[in-house]
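Let me begin by presenting the structure, written as structure tokens, before commenting on it.
The values are calculated or read from the model by the stated rules, or taken from the named source; none is laboratory data. Bear in mind that the values here come from a model prediction, so they are computed numbers and not experimental data. Backbone-built Cβ (ideal geometry, glycine too); neighbour counts: all protein chains shown.
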Amino acid sequence: MLESVRMNFQHLKRTRQKLFTLTKWKVRLLFWGSALSVGAVAALFALAAGAADEAFHHLHEQRPWLTYLLPPTGLALIAWLTRRFFPGTEGSGIPQAIAALSMRKHALRSKVLSLRVAMAKIVLTTFGLFCGASIGREGPTVHIGASLMYSLRRFAPMPLRGQDMLRGMILAGGAAGISAAFNTPLAGILFAIEEMSRSFEQRSSGTLIIAVILAGITGLMILGPYTYFGSTDATLPLSGAWLAVIVCGVVGGLLGGLFATALIQGSRRVAPLAWRYPVRVAFICGLIISVLGFVSNGQSYGTGYIEARALVDGGEASLLFPLWKLLATLSSYLSGIPGGIFAPSLSVGAGLGADIALLMPHLPAAALVMLGMVGYFSGVVQTPITAFVIVMEMTDNSGMLLPLMATALIARGVSSLVCPRPIYMALAEAYLHKQDPPKVKDENP
């Protein structure tokens, strides 16, 4: 009896020491402050990116000729700045965050995760949207969140400096970035587990959840309560749901897989040219974006948020909108400028769903738009759980859960037939293999 009491007392003593020691509280305060910082920066980034996107579309309405000049000249300047002053900020940023998880050397990890990279990512991505590039801020926000959490670890005591804890910090930063970017906390957690780590360590679970909660709350305080694509109560009747699910899953998965393959192979083939001639490659990609903007009457520019939200609300878009947007997104990414593919992919999927709805007029168009978004997005990134959760949260519609889930799983299977390696993992591997590229003379704009 006395031995049992003594053991319980020792256990309580160890628990008290674990919870209330000064070192532990320093760790908690630093971590909580880092998560709050991610939420605040992500919210401010969202405001800046949205303003830049709106400014370009407003300019297109007032002076369309000027918006045809902006993409080639603007992307060329951004590519030069990226190559000359801010290496490591190019592209989505998610491949860099994934690659950082596998790096063991601090010097290599600091090249892709730092405060300098985070701040440059914000400025250059925002500038890219002002120049009409078909990019999103969500992937860059993952990169920014991981960079902030990793950079602030230098102020931590030793418990936060181990490899396992550093991995947890990077994952938590990425999850917090997704949560704050889309106001989708559950999707943020799932994306960190499903894509960035491809595994789940129990000791990281609390770190992820707390970071997502704090970042999400901070974002809501700045941006206010909202759903990314508004709210829809569209549902599918059981009699027609199976056909819509199969069509959207197969078509979305196939098209998404082809896009992912084109982006992976294009990056590998264009990378040597982009390394030697960054300005020329970006200028040519900008010209392609301008041509696509002209033929699509401006619909292929920017994030695609305006077009996608209009489709969710029952609006219309050009029949070829998905194709123009897909090509513009591919050109924007291959230009080498900072920018993600999340929002553009969702807009392509929305357009695809709207086109499929024309073939099924007896079904609600808004429901097919949601299935199109899930199918194409799951086909591109091959993260089906994240895909259906993120669309469900962004549209505030849990009534479509089962059709969305089935569509995402079908799309994932179809996509893997044409793109066996998930896009972000493939890009991360390529990045890891080229950590020390040969030095070449920089090109002047």
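A few comments on the model shown:
- Helices (runs of 4 or more DSSP H) lying entirely in region 351-445 (those with 2 or more residues that are under 26 Å from residue 334 (Cα atoms), modelled with pLDDT under 80 and within 22 Å of the chain's Cα centre (by Cα)): 423-433
- Cβ-Cβ distances below 8 Å connect the following pairs, each with a first residue in region 122-146 that is under 21 Å from residue 283 (Cα atoms) and in contact (Cβ under 8 Å) with a residue 12 or more places away in the chain, a second residue that is among the basic types (Lys, Arg) and in a helix (DSSP H, G or I), and a separation of six or more residues or different chains: 134/325.
- Qualifying residue in region 263-279 (condition: assigned to a helix (DSSP H, G or I), more than 21 Å from the chain's Cα centre (by Cα) and modelled with pLDDT of 90 or more): yes
- Residue match in region 305-316 (condition: touching a Leu at 6+ places or on another chain (Cβ under 9 Å) and under 24 Å from residue 55 (Cα atoms)): yes
- Residue in region 123-135 that is in the same structural domain as residue 57 (by TED's automatic domain parsing), in a helix (DSSP H, G or I) and modelled with pLDDT under 85 present: no
- Of residues in region 348-369 being touching a Phe, Trp or Tyr at 6+ places or on another chain (Cβ under 7 Å) and small (Gly, Ala, Ser), the one farthest from residue 125 (Cα to Cα): 351
Listed here are the residues, each with its yes/no results for (1) in contact (Cβ under 8 Å) with a residue 12 or more places away in the chain; (2) surrounded by 14 or more Cβ atoms within 10 Å (Cβ to Cβ); (3) over 19 Å from residue 287 (Cα atoms).
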site	(1), (2), (3)
41	yes, yes, yes
58	no, no, yes
64	yes, no, no
68	yes, yes, no
72	yes, yes, no
77	yes, yes, no
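- The single condition from (1) within 22 Å of residue 166 (Cβ to Cβ); (2) surrounded by 24 or more Cβ atoms within 10 Å (Cβ to Cβ) that residue 125 fails is (1).
- Qualifying residue in region 98-112 (condition: farther than 15 Å from residue 334 by Cα, surrounded by fewer than 24 Cβ atoms within 10 Å (Cβ to Cβ) and at pLDDT 90 or above): no
- Within region 307-314, the presence of at least one residue that is assigned to a loop (DSSP other than H, G, I, E, B) and either in contact with a strand residue (DSSP E or B) (Cβ under 6 Å, 6 or more places away or on another chain) or touching a residue at least 12 places away in the same chain (Cβ under 8 Å) (or both) is confirmed.
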